[in-house]
Amino acid sequence: MKKYLVGADEVGRGCLFGPVVAAAVILGNNNNFELKDSKKLSEKKRIALLSEIERNAIKISIGKASVKEIDSLNIKEASLLAIKRAILGLKVKNIEIVVDGVDIPKINYPCKAIIKADDKIPEVMAASIVAKVHRDNLMITFSKIFPDFFLEKNKGYPTKEHLNILKSLGPTKYHRKSFKPVLDAR
């Protein structure tokens with residue numbers, strides 16, 4: 001039985017607002033398009049590549065860890081939980097997993113962590129793009145609920161503007177209470 005390579009990556013670890021989002025992607029031989037780490041692409045290019053990935057991937061899955069989980073577990077463990085959920089969401093058994101970074105989720109599949117895998121391995125690059133676009137879209141949705149925080153612009157990251165608004169208005173229920181800037185703003 002053929003084993004599939006799964007690339008997994010998460011986005012939003014450094015954010016003050018919202019969930020951490022992970023993606024797991026199986027490209028198989030369908031990766032004849034130019035991929036890069038999502039951080040090295042413009043928003044427009046990420047969206048265009050997401051369409052390519054969705055058309056060509058064998059399987060794609062998204063996993064999340066909520067603000068509540070981030071605050072109760074810690075961001076590292078919540079990120080690994082989101083990655084695990086994304087991998088399990090593929091519902092494929094014959095897999096080997098490569099995760100970007102240094103840590104691997106607790107999962108019963110062959111799995112290795114590679115630093116900068118999102119810059120080296122097409123499946124991880126694809127996962128990076130899928131997770132980033134998904135999370136950015138989530139922040140755009142949240143920006144309609146919390147327009148004063150300009151989440152469509154800062155995507156929940158601790159920009160100077162976001163920090164100033166946080167100090168002025170205080171945190172929402174979707175701010176990560178375990179993160180120092182949010183704690184300081186309460």
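Rounded to the nearest 10 degrees, the angle from helix 43-56 to the longest Cα principal axis of the chain is 30 degrees. Report, in deg cm²/dmol and to the nearest 500, the calculated mean residue ellipticity at 222 nm for the chain, where each DSSP H run with n ≥ 4 adds -39500 (n - 2.57) and the sum is divided by the residue count. Roughly -13000 deg cm²/dmol at 222 nm, from the helical runs in the chain. Axis of helix 160-169 versus longest Cα principal axis of the chain: the two differ by about 50°, to the nearest ten degrees.
Between residue 161 and residue 173, what length comes free when the chain is fully extended (0.36 nm per residue of separation minus the Cα-Cα distance, one decimal in nm)? Separation in residues times 0.36 nm, less the Cα-Cα distance, equals 2.4 nm. Of the solvent-accessible surface of the chain, computed with a 1.4 Å probe over protein heavy atoms with every protein chain present, carbon and sulfur atoms account for 54 percent.
Heavy atoms of the protein chains alone define the surface here; on that basis segment 36-186 has 53 Å² accessible area per residue at 1.4 Å probe size.
With distances taken between every two different alpha-carbon atoms, segment 117-160 has a Kirkwood hydrodynamic radius of 11.4 Å. Once the gyration tensor of the Cα atoms in segment 1-159 is diagonalised, the equivalent ellipsoid follows with semi-axes of 25, 19, 12 Å, ordered largest first.
Kirkwood analysis of the Cα pair distances in segment 72-186 returns a hydrodynamic radius of 16.1 Å. When DSSP beta bridges are restricted to pairs lying wholly in segment 1-133, around 55% turn out antiparallel. Segment residue 106..residue 56, full-extension length gain: 15.2 nm, with 0.36 nm per residue of separation and the alpha-carbon distance subtracted. In the chain, the longest principal axis of the Cα atoms and the axis of helix 122-145 are about 30 degrees apart.
Computed extension length for residue 114-residue 186: 22.2 nm, one decimal, from 0.36 nm per residue of separation with the Cα-Cα distance subtracted.
Report, ordered by chain and residue number, the lysines lying within cross-link reach of residue 39, taken as a straight Cα distance under 18 Å and ignoring same-chain residues fewer than 8 apart. Hits, sequence-local ones excluded: 116, 120, 132, 153, 155.
Of the peptides 175-186, 74-85, the order by per-residue mean of other Cβ atoms within 10 Å, starting with the highest, comes out as 74-85, 175-186.
The values are calculated or read from the model by the stated rules, or taken from the named source; none is laboratory data. These numbers were taken from a predicted model, which means no experiment stands behind them. Neighbour counts run over all protein chains shown; Cβ positions are idealised from the backbone, glycine included. These area figures cover heavy atoms from the full protein model, side chains too; ligands, DNA and RNA do not enter into them. Shrake-Rupley method; radii C 1.70, N 1.55, O 1.52, S 1.80 Å.
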